[in-house]
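The values are calculated or read from the model by the stated rules, or taken from the named source; none is laboratory data. Please read all numbers here as calculations on a predicted model, not as lab measurements. No Cβ is skipped: glycine too gets one built from the backbone with ideal geometry, and neighbour counts run over all protein chains shown.
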Amino acid sequence: MQRESILNPGSTIGIIGGGQLGRMLAISARQMNYKTIVLDPDTGSPTAQVADGQIAEAYENRDATRELARATDVITYEFENVDADSVSAAAELTPVHPSASVLRTTQNRIHEKNALLKAGISVAPFRQVESLADLKNAAEYLGYPIVLKTATEGYDGKGQAIITRAEDIEHSYELLASRRTQLIVEQFVQFKMEISAICARTSDGRTATFPPAENIHRNHILDVSIVPPRVSDSVIENARLLATDVAVQLDVVGLIAVEMFITKENELLVNELAPRPHNSGHYTMDGCDTSQFEQLVRVLSGMPIMEPKLHSPTVMVNLLGDVWEDTDGDPDWARALELPGVSLHLYGKAEPRGGRKMGHINVTADTVEDALYIATEARDRAWRRSRA
Ligand code: AMP
């Protein structure tokens with residue numbers, strides 16, 4: 001593998017997508033005096049608020065991605081639903097990490113699962129669905145419950161239906177088939193825990209994987225990440241190794257977040273990949289000696305990456321728009337911040353809607369139990385729900 005030239009501080013990183021991940025990446029970049037330019041149509045987006053420059057155009061506008069490429073030294077993207085062809089167009093002018101090919105694989109669940117199987121990595125049994133008859137046959141083969149998902153554009157549980165009995169098949173099929181994307185159906189995994197790990201890989205093939213996180217979802221949206229996870233050290237180590245293996249096998253340069261199920265037999269099945277910083281890695285901002293965002297800046301600039309270490313048990317809780325809605329737009333931050341070890345991260349989104357990720361709280365403590373208690377209590381206090 002070729003060693004790419006090193007981009008020194010003062011160089012410019014292009015970020016496709018203006019959400020919170022781009023914002024936190026831009027903040028880390030600025031810490032090391034890299035400049036950032038964001039491509040996003042919204043001039044008030046979380047990333048635009050902190051970036052050095054913006055191209056306010058749609059992501060699928062190829063002229064815009066080329067303009068971004070001409071104005072920057074390296075490009076990355078902060079969400080998967082960008083047009084892979086416009087990413088390829090940018091890559092003709094400036095290095096893009098992870099590559100357009102990694103993006104293509106990970107933005108389609110069917111491609112992703114086939115790539116994992118080819119790499120010898122276990123996933124939940126699945127079938128591609130092209131018709132109602134396919135779905136009926138797959139249900140017979142897989143057994144209930146099953147999860148029907150759109151192959152593309154699904155996130156935070158959008159574009160998913162759990163089917164528990166044959167009577168519900170037609171309704172669920174019609175619901176998701178109307179979205180006009182390919183469909184995939186998976187066996188419902190009776191997991192004992194969900195866990196994720198994020199691996200950073202450089203263009204010369206070095207890897208460093210963050211300590212895995214135990215993830216608890218509510219309404220399909222990540223609610224809490226607990227580090228270290230409350231399972232045996234050997235399972236945690238296996239999760240870390242699996243994430244590293246995925247990064248190597250898919251030839252990822254950048255970050256890859258690997259979400260996994262731990263089965264009752266302690267087997268790891270990969271559920272989903274994300275070629276970017278990940279919500280379950282936000283804990284690294286306060287719990288590790290380097291954050292996922294700093295690590296990505298290092299990869300993008302060709303600098304050495306760090307072998308990240310957890311310096312204390314850490315819990316992250318997401319702050320959704322509901323916290324604002326339920327407090328008439330006035331969460332009680334002062335009471336939340338009274339608690340020890342609490343760090344507040346807000347994304348600067350103007351409109352707090354229910355289910356929308358507005359920020360997160362990280363808590364470091366001596367034990368994972370203390371961190372979990374304090375993090376939940378801090379959020380309840382902000383939410384004006386706590387009586388403590
Ligand atoms: P995904 O969009 O695939 O990450 O799914 C969101 C969440 O839905 C996962 O984190 C799981 O909690 C749940 N889920 C998705 N697929 C399955 C499955 N095959 N079995 C059990 N739970 C699932």
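At a glance:
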item: Only listed residue being free of Cβ contacts under 8 Å to residues at least 12 places away in the same chain and either surrounded by fewer than 24 Cβ atoms within 10 Å (Cβ to Cβ) or touching a strand residue (DSSP E or B) at 6+ places or on another chain (Cβ under 8 Å) (or both), chosen from Asp73, Asp40, Asp63; result: Asp63
item: Flag if Leu255 is part of a strand (DSSP E or B), away from the ligand (no atom under 15 Å from the Cβ) and assigned by TED's automatic domain parsing to the domain that holds Pro308; result: yes
item: In the range 185-201, residue nearest to Asn108 (Cα to Cα) [restricted to those that are more than 9 Å from the ligand (Cβ to nearest atom) and surrounded by fewer than 22 Cβ atoms within 10 Å (Cβ to Cβ)]; result: Met193
item: Yes/no for Gly205 being on the phi > 0 side of the Ramachandran plot and either charged (D, E, K, R) or not assigned by TED's automatic domain parsing to the domain that holds Asn81 (or both); result: yes
item: Odd one out for Ala84, checked against (1) out of contact with any strand residue (DSSP E or B) (no Cβ under 6 Å at 6 or more places or on another chain); (2) under 18 Å from His278 (Cα atoms); result: (2)
item: Options Ala71, Ala139; residue that is touching a helix residue (DSSP H, G or I) at 6+ places or on another chain (Cβ under 9 Å) and hydrophobic (A, V, I, L, M, F, W, C); result: Ala139
item: Matching residues, the range 222-245, being over 24 Å from Pro98 (Cβ atoms) and either within 16 Å of the ligand (Cβ to nearest atom) or without any contact (Cβ under 8 Å) to a residue 60 or more places away in the chain (or both); result: Asp223, Val224, Ile226, Pro229, Val231, Ser232, Asp233, Ser234, Val235, Ile236, Glu237
item: Hits in the range 259-282 (condition: closer than 14 Å to Glu214 by Cβ, among the aliphatic types (A, V, I, L, M) and within 11 Å of the ligand (Cβ to nearest atom)); result: Met260
item: Residue list for the range 1-41, restricted to those being in a loop (DSSP other than H, G, I, E, B) and closer than 20 Å to Glu60 by Cα; result: Gly17, Gly18, Gly19, Asp40, Pro41
item: Scan of the range 318-359 for residues that are more than 30 Å from Ser11 (Cβ to Cβ) and in contact with a Phe, Trp or Tyr (Cβ under 7 Å, 6 or more places away or on another chain), ordered by number; result: Val323, Asp326, Thr327, Pro331, Leu344, Pro352, Met358
item: Residue that is touching a Phe, Trp or Tyr at 6+ places or on another chain (Cβ under 8 Å) and touching a residue at least 40 places away in the same chain (Cβ under 8 Å), where the choices are Val363, Val315, Val368; result: Val315
item: Some residue of the range 228-246 being surrounded by 20 or more Cβ atoms within 10 Å (Cβ to Cβ) and assigned to a strand (DSSP E or B); result: no
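Okay, residues lined up against (1) closer than 24 Å to Pro212 by Cα; (2) part of a helix (DSSP H, G or I); (3) more than 26 Å from the chain's Cα centre (by Cα):
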| site | (1), (2), (3) |
| --- | --- |
| Val323 | no, yes, no |
| Gly329 | no, no, yes |
| Pro352 | no, no, no |
| Tyr373 | yes, yes, no |
| Thr376 | yes, yes, no |
| Arg381 | no, yes, yes |
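Each row is one residue, and each column tells you yes or no for (1) assigned by TED's automatic domain parsing to the domain that holds Ser312; (2) in contact with a strand residue (DSSP E or B) (Cβ under 9 Å, 6 or more places away or on another chain); (3) surrounded by 20 or more Cβ atoms within 10 Å (Cβ to Cβ); (4) within 30 Å of Val297 (Cα to Cα).
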| position | (1), (2), (3), (4) |
| --- | --- |
| Lys136 | no, no, no, no |
| Glu167 | no, no, no, no |
| Ala177 | no, yes, no, no |
| Thr209 | yes, yes, yes, yes |
| Ala213 | yes, yes, yes, yes |
| Ile216 | yes, yes, no, yes |
| Asn219 | yes, no, no, no |
| Ile226 | yes, yes, yes, yes |
